[in-house]
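One structure is given below, encoded as structure tokens.
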Amino acid sequence: MKILQSDANKIEWELIKPEAASYDKDAEKKGSVEDALVLMVAVEKGDTEELASKAVKEAVAFADKLKRQNLVVYPFAHISSNLEKPDKAMALFHFMINEAKKSKITVFNSAFGWNKAWSMDVKGHPMAEQYKAYGESASKKVETARPKKKDIDTSIVRKSTWVDLPEGDHRLIGERQDLFSFQEVSPAMVYWHPNGFIIYQEVLKFIREKEAEYGYQEVSTPIVNNIALYKVSGHSDHFADNMFLFENGNETLGLKPMNCPPTILIYKSRKWSYRELPFRTAIFDKLYRSELSGVTTGLFRVREMTQDDGHIFVREDQLQEELKSFIKMVTEIYAVFGIPYKVCLSTMPDDHAGDEEVWEKAIAVLKETLRLNKIKYEVKEKEGAFYGPKLEFHITDSLGRSWQCGTAQVDYNMPRSFQMEYTGEDGKAHTPVNIHRAALGTLERFLGVMIEHYKGKFPTWLAPVQVKVLSISDQSSKYAEQVYEEMKKNGIRAELDISDKTLEHKIRDGQLLQIPYMIILGRKEMDAKNISVRSRSGKQKMGIGIQDFVAPLKEEIQKRKKDQML
């Protein structure tokens, strides 16, 4: 049995005509359900009621975690090539519906055996990309063979362990270019390979430089904290199901799921004057969240993550200016990557801390900030954090799905819970406001979107290998080694290929890995002590001096330009 689970804003269908020998003869012609967990089900040969019951129980528990009141069971044969005969499949499909109705959830189903017109609007996580396999399906290791040609170096063309992914999916690109992997012993946690870790570190370096420019001071806090810390912040009431908790003696400890409570303790370690605010902190510690297995998807949703997190502790009269400054910084950061974004304003959820008056004040500040900055935005009702409303910066992946990356949250509530203070101009104690903010958000998610946005063709400053030096023959190998050393001496990430492969083969290898520049060296270049350069786009420049190439290349890298010089 195979199931695609989707957390949907809305699903609609309309029956067109029967397409199976067995079908629901008295089915309603149209259906529409909002805010539902949708199960797209393919019943396979050998599936049993025991398997179906297990699948339903897991789905109902999952819906409960997501706080969904509606469950849609939808026959979807297209995800399997090992389908059960229609009459047996329909019987098991109806068994699943009846099992689901034994729970408290409201169950809907689309008719079995019909050709249907349908549409579905999925929420933020792309669960429709993930199979849940039961029975024989779960034990099969499926591989998708990638195209091969005799003249392609098969050592750099990998067989995919991902099933039926689109060509531009970041998981396929990551596998081809050896950027990262996932291992069963660390579910939904990223193993960064050398090539991928270069990209990861370059992005971190860029963000650190930008935040230093805007007056942030980097901090770090322990990864393990007593649960008492999260009881004060309110996270234990609103977030406990997503925390990794464990007992140690008489203590209940947890892996850090977010940076705000520990950072607040840094603020509280000393006294503050109104003159010393704002206090802008940045933090890049690892965070751990017990995400449900059904929503973890490649780099987009993981259990171990890094955020370009930060907290700004401000006087209330500084709030507007700090939000304006943060928006300016985010705009500059996104411009470097060339990724378009949209802004949303998320308001008070039903399950929230603090009184409505404080929330209204925080929302009013955010709205006024957007108005003053002439920023168009969408309102997302009831989707703010439990402690405060937020601005969300959404970017779009290669399949058109929107992901929240950057965020700015105005928090009046947590500073009160922690009894945070500063001494005002009047000599009295006042409570600061906390702006929780991140430009990129979860770094893993941002990198996943970015990999797809660039389709693996990273700008030179991010490329793991920036230049590949190729020799045409053994005669030019020594000269190639000299040019390679010159690249390294100038801080350029270079690779040397003086193997006995054909030049065409070497160039093709570089193209498969999307290396920005290839230096091609033969007898002619060796004698003239110059180089010939080929860009990733196929443009060429012959017989140029080494420094005539290196100088503009270093500028391209240092200025983090989106376009190549050649």
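Against the criterion of being assigned by TED's automatic domain parsing to the domain that holds ALA408 and modelled with pLDDT of 95 or more, LEU447 qualifies.
Look at region 223-245: where a residue is more than 18 Å from LEU292 (Cβ to Cβ) and a partner is basic (Lys, Arg) and assigned to a helix (DSSP H, G or I), sitting 6+ places away or on another chain with Cβ atoms under 9 Å, you get ASP237/LYS231. Against the list (1) loosely packed, with under 15 Cβ neighbours inside 10 Å; (2) assigned by TED's automatic domain parsing to the domain that holds ILE11; (3) modelled with pLDDT under 85; (4) of a type in the set (A, V, I, L, M), the condition ALA117 fails is (3).
Evaluated against (1) closer than 30 Å to ASP350 by Cβ; (2) more than 33 Å from the chain's Cα centre (by Cα), THR48 falls short on exactly one condition, (1). Among the residues in region 30-47, are any farther than 15 Å from ASN109 by Cα, surrounded by fewer than 19 Cβ atoms within 10 Å (Cβ to Cβ) and either of a type outside the set (S, T, N, Q) or at pLDDT below 90 (or both)? Yes, the conditions are met somewhere in region 30-47.
Scanning region 276-331 for residues being in a strand (DSSP E or B) and at pLDDT 95 or above gives a total of 19. Counting only residues that are touching a Cys at 6+ places or on another chain (Cβ under 8 Å) and basic (Lys, Arg), region 427-475 holds 1 of them. Filter region 97-111 down to residues that are in contact (Cβ under 8 Å) with a residue 12 or more places away in the chain and out of contact with any Phe, Trp or Tyr (no Cβ under 6 Å at 6 or more places or on another chain), then give me how many there are. Adding up the residues that qualify gives 10. Assessment of region 253-268 against the conditions (farther than 30 Å from ALA61 by Cα and assigned to a strand (DSSP E or B)) yields no matching residue.
The set of residues in region 329-378 being basic (Lys, Arg) and either in contact with a helix residue (DSSP H, G or I) (Cβ under 9 Å, 6 or more places away or on another chain) or surrounded by 12 or more Cβ atoms within 10 Å (Cβ to Cβ) (or both) consists of LYS342, LYS361, LYS367, LYS376. Among the residues of region 461-495, the ones that are farther than 22 Å from MET565 by Cβ and hydrophobic (A, V, I, L, M, F, W, C) come to 1 in all. Within region 466-495, the only residue that satisfies the criterion of being more than 19 Å from ILE507 (Cα to Cα) and of a type in the set (Gly, Ala, Ser) is GLY491. Checked against (1) of a type in the set (Ser, Thr, Tyr); (2) outside any loop (DSSP other than H, G, I, E, B); (3) touching a helix residue (DSSP H, G or I) at 6+ places or on another chain (Cβ under 7 Å), THR407 passes all but condition (3).
Filtering region 478-502 to residues that are assigned to a helix (DSSP H, G or I) and crowded, with 16+ Cβ neighbours inside 10 Å leaves TYR479, ALA480, VAL483, TYR484, GLU486, MET487.
The values are calculated or read from the model by the stated rules, or taken from the named source; none is laboratory data. Just so it is clear, the structure is predicted and the values come from calculations on it, not from any experiment. Using ideal geometry, Cβ is built from the backbone for each residue, glycine included, and neighbour counts are taken over all protein chains shown.
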